[in-house]
């Protein structure tokens with residue numbers, strides 16, 4: 001009991017020092033996330049054998065191993081990118097569970113054992129005409145508050161652009177066109193944004209310094225600024241690493257307890273994924289987590305994914321791995337797909353999506369370094385039709401034809417339980 005009292009005293013006296021939004025109550029190989037504000041309401045009962053935190057979190061004192069400010073090393077994170085969720089809410093979209101019962105989407109995701117949500121951030125999306133690039137700072141801060149207040153960890157995904165940042169497009173924001181030093185601007189912008197999140201009590205649990213950045217930062221299309229995997233020792237790689245180091249520096253200065261993710265999409269090319277993170281290591285780029293996108297129609301079979309995970313685990317055993325984006329189509333296989341559904345080995349259907357996801361969870365659980373999994377655009381729900389998307393992905397966690405959660409959602413719990 002004295003040990004527990006000391007831990008709680010540390011939490012109470014260190015809140016302001018750490019500028020942290022959550023605490024983590026650890027027991028055996030599991031943990032629970034509690035809002036830091038709840039730590040001011042702690043009561044003991046049963047002759048100090050039980051403790052209640054925040055009125056609803058009740059523990060037997062002997063079962064608690066520790067209370068920490070950062071996620072425990074054994075923690076696994078399950079969640080989704082829900083960047084369009086407020087837009088769907090503005091249209092009055094109604095979400096249902098797999099049986100057709102009306103649910104609050106975030107509450108339902110919590111029941112499905114999800115514990116973190118991801119949101120993308122653009123510099124000035126008003127410069128873009130895309131209906132889905134609407135996530136400016138005010139928008140993201142509002143959604144982050146909803147996420148954190150709902151008990152989830154918040155994942156901030158920096159798109160250092162006014163529009164989509166992806167393998168073929170990392171276009172400089174229009175307001176940065178006359179900037180003399182892109183790296184310094186990247187540092188200043190990252191630091192300013194994070195300061196605003198921290199001041200608002202919305203410290204991210206995880207920070208992506210760029211989105212799908214395997215070809216670098218600050219380029220567009222086939223620009224020669226892009227790094228070259230056949231000539232990895234060129235100056236462009238060094239400049240790229242300098243940019244990332246400046247972004248990381250801003251993260252460490254403002255959010256020292258947040259974890260930095262370097263996110264690429266080379267999941268279908270194990271050797272190139274290895275080259276990317278090797279160059280990060282050789283250039284002393286500061287980061288915590290390897291982040292990957294995995295879409296079977298672009299990145300290949302589970303066997304290929306497994307080979308990539310094994311390669312990265314052997315080459316960088318100290319780095320956790322997270323799948324930051326995943327989607328499997330239940331309808332209308334993409335016309336720009338690299339691989340067919342028959343090649344992948346599963347049908348393009350709700351049943352095929354569920355079976356593939358089940359097999360994927362088994363594969364991820366067989367790799368000890370894999371600590372996170374996030375479903376891309378999980379909130380997509382076009383029943384009834386809203387017209388807020390350019391194109392339906394048809395690999396969300398809700399069926400566009402019915403508004404019901406897809407059966408695949410039932411497979412996700414196995415990742416964290």
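Between 323, 67, 213, find the one with the highest GNM mean-square fluctuation for the chain; connect C-alpha pairs within less than 10 Å. Highest fluctuation among the options: 67. Normalised by residue count, the range 191-295 yields a Cα convex hull volume of 111 Å³ per residue. In the set [x] 63, 46, 42; [y] 65, 46, 38; [z] 68, 50, 43, the label that goes with Cα extents along the principal axes in Å computed for this structure is [z].
Per residue, the convex hull spanned by the Cα atoms of the range 72-130 measures out at 121 cubic angstrom. I'm a student and want to see the number: the projected area of the Cα convex hull of the range 349-417, averaged over all directions, in nm². Across all orientations, the range 349-417 yields a mean hull projection of 5.0 nm².
Annotation: average projected area of the range 122-237 is 8.1 square nanometres, based on the convex hull of Cα atoms across all directions. Using alpha carbons only, the radius of gyration of the range 258-305 set against its Kirkwood radius gives Rg/Rh = 1.02. Roughly speaking, what is the centre-to-centre gap between the range 216-268 and the range 176-194 when only Cα atoms are used, to the nearest Å? With the range 216-268 and the range 176-194 each reduced to a Cα centre, they are spaced 14 Å. Taking all pairs of different Cα atoms in the range 64-164, averaging 1/r and flipping that mean, what Kirkwood radius in angstroms comes out? Hydrodynamic radius (Kirkwood, Cα only) of the range 64-164 equals 15.2 Å. Computed over the alpha-carbon pairs of the range 213-271, the distance histogram in 10 Å steps reads 20, 45, 29, 7 percent, short to long. The residue 174 and residue 138 beta-carbon pair, evaluated with R₀ = 25 Å, returns a calculated FRET efficiency of approximately 0.85.
Note down the relative contact order for the chain as a percent, whole number, built from C-alpha pairs under 8 angstrom at least six residues apart. Once divided by the residue count of the chain, the mean separation gives 16 percent. Helical runs assigned H by DSSP (4 residues or longer) give the chain a calculated mean residue ellipticity at 222 nm of -10000 deg cm²/dmol, each run adding -39500 (n - 2.57) before division by the residue total.
Counting 0.36 nm for each residue step from residue 315 to residue 50 and taking away their Cα separation leaves a gain of 90.9 nm. GNM remark for the chain: springs join alpha carbons under 10 Å apart, and the peak mean-square fluctuation among 63, 253, 382 falls on 63.
Read-outs throughout are calculated quantities, based only on the coordinates presented, and are distinct from any laboratory measurement. Predicted model only: the values in this text are computed from it and were never measured. Cβ sites come from the backbone with ideal geometry, for glycine too, and all protein chains shown count toward neighbours.
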